[in-house]
Structures are given as structure tokens and as C-alpha cells.
Amino acid sequence: MPEYRITYFPIRARAEPIRLLLADQGASWTEDEVQLNDWWAGKCELKKTAVFGQLPQFQDGDFVLYQSNTILRYLGSKFGIAGSNNQENAFIDMVNDGVEDLRQKYSRLIFIEYDTGKEKYLKDLPNQLSPFERILSNNANGTKFVVGDKISYADYNLLDMLHCHLDLDPKCLASFPLLSAYIQCLATRLKLSTYLKSEKRNKRPITPKHK
């Protein structure tokens, strides 16, 4: 079996879609935790050698990757969940880029504008979620995945972002029946469900604790 290893902070954040994918695909992995205070204080040697000076780091045996979306695409290709043809592959990539756009807006809120911008962010959130609802509606009326009949790496990324926003506002999907059903459907996948309920996952905060 491949020896997968994730090096990241003791939070979910950008490593969580990778974990969701590995868990759902039945892969095992180990984790090395880097403390945020040590990272920002320059006490972690890895920061000096990490490409772009960022985490997560992902290791597949001797092969090392950085950039969370690159890692997702790599694993998507490796596990055969990156589309069944060029068009599906491109569409999945497009959706994943859309999730990344939303993640950047979410991260800006959490780390920079939380005290002053939360109300405005939540007011505009339906406009940010509507494209994903439409995407689901165009594939078997939202009863499957973002594209085709098979889960893709973009599904794990989208699922994580939806979880993040439900944590921010538990009612944020009230007007999005397909996204709500989508979350419930993915939660019925046996291996993914087991991981979602695991103590190891649930002890990790979604982001660093907001003060």
C-alpha cells in the first residue's frame, strides 16, 4: 500500500478535502502536525524548504507535493476520480476553481474581516452558493455529484466548504435544497461517514480558534 503522509497544522482547513478524499477512497495515511505558533515564529525548519513556504505538504512515498488543489488533482487522477473524459475533467477542474474562489473569500473573512464583515459576508453568501446549486441541478437534478455518475476530487472540496459555512451559519443552506441533499447524500457513503464521525476529525477545529 502507498505510504501517504500529510504535514499540516492541527486544524481542518486546507488539508481537510485531502483527508475526505483519502478516507472515502479507502486509503490510510499518517499525519505530522506543525504547531501554528512555531510556524509563524519561524521555529519550523520545514518552512525554509517547503515550496512557496506553505502547507499542507503531501507525501506519496518519496514523492512530495505542495499546494492543496494540486494535491487534490493528483489524487483525483491517481484514484480515477478526475472525470471519465476531457470534458468532464475540465468541468471538475472548473468547479474546483470555483470552490477555491469561495475558500479565499471565506478565509479573508475568518482571518481579516470577521468582526466587521461577517454580517455583510452572510448577506452575500446566497450569491456565492447559487452557482453550485445550479451545477448540481444540471446533473440528474442534483441527485448525484457535480458531474457525471462518479464522485470527483471537486466534490470533496465542495463538501468541506459547505461544512465550513454551516459552521459559520447553520441556516445558510435553507434556500438551497440541492446542496442540503448533496451533503446528506455524501454522508451516507460508508467510508466517508466513518471518517466524518471520527474522533480524530472532530477534535480538529475548522480553522484556528477565533478570538
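For region 2-79, relative contact order (Cα pairs under 8 Å, six or more residues apart, normalised by length) works out to 38 percent.
Once the Cβ-Cβ distance of residue 32 and residue 141 is raised to the sixth power relative to R0 = 41 Å, the FRET efficiency obtained is 0.45.
Here's the list of lysines a cross-link from residue 118 could span, going by alpha-carbon distance under 18 Å and ignoring same-chain residues fewer than 8 apart: 105, 171, 209, 211. With a simple spin-label model that places each label point 7 Å from the Cα along the Cα-to-Cβ direction, the separation between residue 51 and residue 184 comes to 4.2 nm. Volume per residue for region 41-135 equals 117 cubic angstrom (convex hull of Cα atoms). Counting only C-alpha contacts under 8 Å and six or more residues apart, can you give the relative contact order of region 32-74 as a whole percent? Contact order relative to length: 22 percent.
Recomputing P(r) over Cα pairs in 10 Å bins from 0, in percent from the coordinates shown identifies the correct label among (1) 8, 33, 38, 18, 3, 0; (2) 8, 35, 40, 15, 2, 0; (3) 6, 17, 17, 16, 17, 16, 7, 2, 0, 0 as (1). For region 54-181, the per residue solvent-accessible surface stands at 50 Å², with DNA, RNA and ligands left out and a 1.4 Å probe. Only aspartates and glutamates eight or more places from residue 123 in sequence, or on another chain, were considered; those with a Cα closer than 13 Å are 169. Given the chain, what percent of its DSSP beta bridges are antiparallel, to the nearest 5? Once the DSSP bridges in the chain are tallied, antiparallel ones form about 60 percent.
Projecting the Cα atoms of 42, 202, 179 onto the charge dipole of the chain (Cβ charges, centred on the Cα centre) puts 202 farthest toward the positive pole.
Straight-line cross-link partners of residue 78 among the lysines, defined as a Cα under 21 Å from its Cα and at least 8 positions apart when in the same chain: 150, 191. Only helical runs count toward this figure. For the chain, summing -39,500 (n - 2.57) over DSSP H runs of n ≥ 4 and dividing by all residues gives -16500 deg cm²/dmol at 222 nm. Under the classification rounded if a/c is under 1.5, otherwise prolate if a/b is larger than b/c and oblate if not, where does region 105-211 fall, given a ≥ b ≥ c as square roots of the Cα gyration tensor eigenvalues? Oblate.
The values are calculated or read from the model by the stated rules, or taken from the named source; none is laboratory data. No experiment lies behind these values; they were computed from the predicted model shown. All Cβ positions, even for glycine, are placed from backbone atoms using ideal geometry, and neighbour counts span all protein chains on display. With ligands, DNA and RNA removed, areas are computed over all heavy atoms of the protein, side chains included. Shrake-Rupley method; radii C 1.70, N 1.55, O 1.52, S 1.80 Å.
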